[in-house]
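Written below as structure tokens is the structure these notes are about.
The values are calculated or read from the model by the stated rules, or taken from the named source; none is laboratory data. Just so you know, these numbers come straight off a predicted model, no measurement behind them. With ideal geometry, Cβ positions are generated from the backbone for all residues, glycine too; neighbour counts draw on all protein chains shown. Areas reflect the complete protein model, heavy atoms only, side chains present, ligands, DNA and RNA absent. Shrake-Rupley method; radii C 1.70, N 1.55, O 1.52, S 1.80 Å.
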Amino acid sequence: MNREKLLDQLKRISTEGKGTKELYGEISRVCMDEIKRDWSKKSVKNAYYLSVEFLMGRMFFNNLMELGVLNEARSIFAEKGFDLNRLEEIEDAALGNGGLGRLAACYLDSAAGIGVPLQGYGIRYRYGLFRQRFENGFQREEADDWLKWGDPWSVRRESEKREIRFADMTVTAVPYDMPIIGKRINTLRLFQAEGSAEAEKISEYLYPADDTDEGKLLRIRQEYFFSAACVRELVEEFVKVYGSRFFKFPEYHALQLNDTHAVFAAAEFLRLLTQEYKVAFGDAVKIARKTFNYTNHTILPEALECWDAELVARILPEIAMILKRLQVFASREWKAKGCLVSDQLDMSVMKSGRFAMANVAVFVSGRINGVAEIHTRIIKEKLFAVAARYYPDKFLNITNGITQRRWLMLCNEELSALYDKNFGRGWREDLDLLSLRDAFQRDADVAEFAAVKRIKKQQLAEYVRKREGIALIPDAIYIAQVKRLHEYKRQLMTAFAVLRIYYDLKAGKLPDFSPTVFLFGAKAASGYRRAKAIIKYLNAVAETINVDEAVRGKLQVVFVQNYDVSYAEKIVAGSDVSLQVSTAGFEASGTGNMKLMMNGAVTVGTMDGANIEIAERAGLNNNYIFGATVTELGRIRNDYNPSEIVQNKPAVKRVTDTLVNGTFSDGGTGGFAELHAALFEGASWHKPDHYFVVYDLESYVQALLAVNRDYRNAESFSRKQLMNALHSAFFSSDRAVKTYANLVWGLDRPQ
Ligand code: 26Q
């Protein structure tokens, strides 16, 4: 990379009479010209990350940072009278819903950063995740027209397009390549669907749900579309060089299936090999097992994909045939292993007329991983218990990670500079250096850290003022719960806890209460009624508290609109406390918890997902763990009766009653009553309070009050925060990607 030349080119850009969009395009294009010169050729062996979601966020600042010109570019354009921060207006590339999509982005970033040849394959949606605003406290969704800013960071590869055939139409898959910059420049290849109006629908919208049980034709088309485009490309390129010596294929390719959303890739692979290249079915399966690997991200039954076999057969007859043949093949293998009939049924590829995509993934994959210790244990002992008995060597854990480049270096330049001063710059590539030296733990160091946190809090407050027009209480404890809205994540429980605190404050029961701001950010899937009702409820609670003179300056609740990657960058840097309060056993890992930890927030959380590993590494005394464990919930589940609890605990009843006693209005939608019914009567197939909100509420309130008490001793609280930041190395996605490279992709030798 010729940095000097790039800087020279940047200096030559004139800002005269140009708007944000124009300058964005121009600066990006100058960078792209330089990148194109260095864009890495594929390695001998490559790993491929297949995902329907890549939640990249804003590319601009990250790319300039990776090119090593961000600070200089800021000065260059400041001199010309243009504040580069104005480009913060630019929309994020939000081609993902939440955790799973952002994880894919972090892994691409880390792989490039540490020199692992990992290429991403996905869909170039015309519209990403909807933009959210609140109207009277209700969520309103607007189309995310991210391309209105142009797409200067992609290159269309016209000559590499391919035809993808469905029974009822043929679709052209046109690749767009985005450079992923680091030690290597890898590629994120996103396919756009072109052809008839029907064909183009395939890449029009991202499915805006982070779980669903609906068998949707369009979703199947999307999944097959990009999976097939990817596999066809890899197989055809391979054949050009090696002919049909497919047993060599795994020597050059490792494919990672980001949940079951890309499992059609394996089916297409089997179809191609057996039908177009006449490989025997058994051999094809053998090769697939050395090529494909599967990461499971959720155990929620409603998120486990099962596609109606007839439906699949209607648009993809050959794929349906292949899956049926796989079922026959699998049965034979199981019989030979002496599997019980009930076990065979459990592992079946096809069950009651539906394809169980997770079972397909388990059968055809060489390696299967969960995303945190507890989650891997649960998939091995529950979800895939039978398969784990017959194929124990397939399963392993790889706890998730996040990239410190975006989630520390980019979003917290101040903390990064402080680390540079004390540790030298080496920590940027090896976060372990932060915890090796005890030196950075003197009182003076804690004070310096606290000073940085104060600055980040002010910046966050300023950002919220600009975006929401709300002034946060300065110097309050900033407590954040930012993540997708889902019942199992229990934002409703936080609303109840906040109400409890509010009532106690008003009653004078909390005389030494330190001023506190609760910050929420969350989008609800458009069809998820109860999630939307929770948003309305939280906004109603906020409205009541924020206008009450009795708690002014003491307690504030702010629900920000359109929480996205760019918003997250401000919130993770400027928060004191991270809320990670999912029902034990439900959050596979969580990654927001890691981002907040890395920036020195303490966690108030349950023993769930990666929280357990966070508390283990940062120290239990530096975090606030509360609530029922998986074991405890297992024990009480059958006899659990939330109505009994509220009968004995008037303070709990008082807050849950506000859903139905007119304290707050849901605008006549019935949404609040529905939430109440879900808690005390049950909803859909769930028993009352399926997520144990009522059960854990009391200990949650106590944990929040403990934080509040501890915060009074500013020095010792800052020290807890710093201990979290310094021990976050394990949660770097550099570590996670290295583990995949070594244990899964066979990329342990330098390529
Ligand atoms: C499936 C079928 C049809 C339509 C949509 C879907 C669908 C879409 C998205 C199912 C699931 C998802 C997303 C799941 C997800 O984000 N899981 C999260 O993954 C993170 C990364 O591993 C974990 O940290 C989180 O704990 C987990 O919830």
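Computed over the alpha-carbon pairs of the range 546-691, the distance histogram in 10 Å steps reads 10, 27, 34, 27, 2 percent, short to long. Pick out, from Gly592, Ile27, Ala167, the residue whose Cα sits farthest towards the positive end of the charge dipole of the chain, with +1 on the Cβ of Lys and Arg and -1 on the Cβ of Asp and Glu. Toward the positive end, the furthest listed residue is Ala167. Sort out the exposed loop GluC sites (Glu not before Pro) in the chain (DSSP loop, at most 11 other Cβ within 10 Å) and tell me the longest stretch that has none. Segment 215-751 is the longest.
Considering the dipole of the chain built from charges on the beta carbon (Lys and Arg +1, Asp and Glu -1) around the Cα centre, which of Tyr700, Phe513, Ser348 is farthest to its positive end? It is Ser348.
Here Lys80 is the anchor, and the lysines within straight C-alpha reach of less than 30 Å, apart from those fewer than 8 places off in the same chain, are Lys5, Lys11, Lys18, Lys21, Lys36, Lys148, Lys456, Lys457, Lys466, Lys570. Span-like helix criteria (full DSSP H runs; alpha carbon extent of at least 24 Å along the helix axis; mean Kyte-Doolittle hydropathy of at least 0.0) are satisfied in the chain by 217-242, 693-711. Solvent-accessible area of Phe238, all protein chains in place: 10 Å² (probe radius 1.4 Å, heavy atoms, ligands and nucleic acids excluded).
Shape descriptor for the range 658-716: Rg over Rh equals 1.19 (Cα atoms; Rh from the Kirkwood inverse mean 1/r). Given in Å, the Rg to one decimal and the Dmax to the nearest whole number for the Cα atoms of the chain are 25.9, 80. Which of rounded, prolate, oblate describes the range 266-355, given a ≥ b ≥ c as roots of the alpha-carbon gyration tensor eigenvalues and a/c under 1.5 marking rounded, otherwise prolate only if a/b is larger than b/c? Rounded is the answer for the range 266-355, as its axis ratio a/c remains below 1.5. Within a straight-line Cα-Cα reach of under 29 Å, Lys337 can be paired with the following lysines, leaving aside sequence neighbours fewer than 8 residues apart in one chain: Lys248, Lys278, Lys286, Lys290, Lys324, Lys351, Lys380, Lys382, Lys394.
Summarising the strand pairing of the chain, around 40 percent of its internal DSSP beta bridges are antiparallel. Would you mind working out the accessible area per residue for the range 301-384, using a 1.4 Å probe, and quoting it in Å²? I get 44 Å² per residue for the range 301-384.
Charge dipole of the range 176-256 (Cα centre as origin; +1 on each Lys and Arg Cβ, -1 on each Asp and Glu Cβ, all else neutral): 520 debye, rounded to the nearest 20. Only Lys, Arg, Asp and Glu carry charge here, each on its Cβ (+1 for the first two, -1 for the last two); on that basis the range 39-144 has a dipole of about 480 debye about its Cα centre. With the convex hull drawn around the C-alpha atoms of the range 418-575, the volume per residue stands at 150 Å³.
In the range 507-533, which residues have a backbone nitrogen under 19 Å from the label point lying 7 Å from Glu549's Cα in the Cα-to-Cβ direction? Inside the label zone: 507-508. Rounded to the nearest 5, the antiparallel percentage of DSSP beta bridges internal to the range 286-394 is 60%. Using a probe radius of 1.4 angstrom, the carbon and sulfur fraction of the accessible surface of the range 443-519 is 52%. For the chain, averaging the sequence separation of C-alpha pairs within contact (under 8 Å, six or more residues apart) and dividing by the residue count gives a relative contact order of 13 percent. Computed about its Cα centre, the charge dipole of the chain is approximately 1280 debye, with only Lys, Arg, Asp and Glu carrying charge at their Cβ.
Over all other residues within a Cβ to Cβ distance under 12 Å of Phe680, the charged ones net out to -3, with Lys and Arg as +1 and Asp and Glu as -1. For the range 197-346, taking the reciprocal of the average inverse distance between every pair of different Cα atoms yields a Kirkwood hydrodynamic radius of 16.8 Å.
Along the axis of the charge dipole computed for the chain (Cβ charges of +1 for Lys and Arg, -1 for Asp and Glu, origin at the Cα centre), the listed residues Thr669, Ala736, Thr603 are led at the positive end by Ala736.
Once you order the gyration tensor axes a ≥ b ≥ c over the Cα atoms, which shape class does the range 421-465 get: rounded for a/c under 1.5, otherwise prolate or oblate by comparing a/b with b/c? Oblate, since a/c reaches 1.5 and b/c is not below a/b. Within the range 1-144, all pairs of alpha-carbon atoms sorted by distance into 10 Å bins from zero give the percentages 10, 32, 33, 21, 4, 0. Amide H contacts of Phe559 (H built 1.01 Å from N, in plane; Pro and chain starts excluded): Phe520 sit under 5 Å, all sequence-distant by 5 or more or on other chains. Calculated [222 nm] ellipticity per residue, helices only, for the chain: -13500 deg cm²/dmol; basis is -39500 (n - 2.57) per DSSP H run with n ≥ 4, divided by all residues, nearest 500.
Within the shell defined by Cβ-Cβ distances under 15 Å, the residues around Ser342 carry a net charge of +2, with Lys and Arg each +1 and Asp and Glu each -1. For Arg530, neighbours were defined as the other residues whose beta-carbon sits under 10 Å from its Cβ, and their charges (Lys and Arg +1, Asp and Glu -1) total 0. Between amide H atoms placed 1.01 Å from N, distances below 5 Å from Ile477 occur with Thr516, Val517, all of them 5 or more places distant or on a separate chain. Over the range 651-712, Cα pairs under 8 Å with separation of 6+ residues give a relative contact order of 23 percent. Based on the alpha-carbon gyration tensor of the range 513-619 and its eigenvalue square roots a ≥ b ≥ c, which shape applies: rounded if a/c is under 1.5, prolate if not and a/b is larger than b/c, or oblate? In terms of gyration-tensor shape, oblate.
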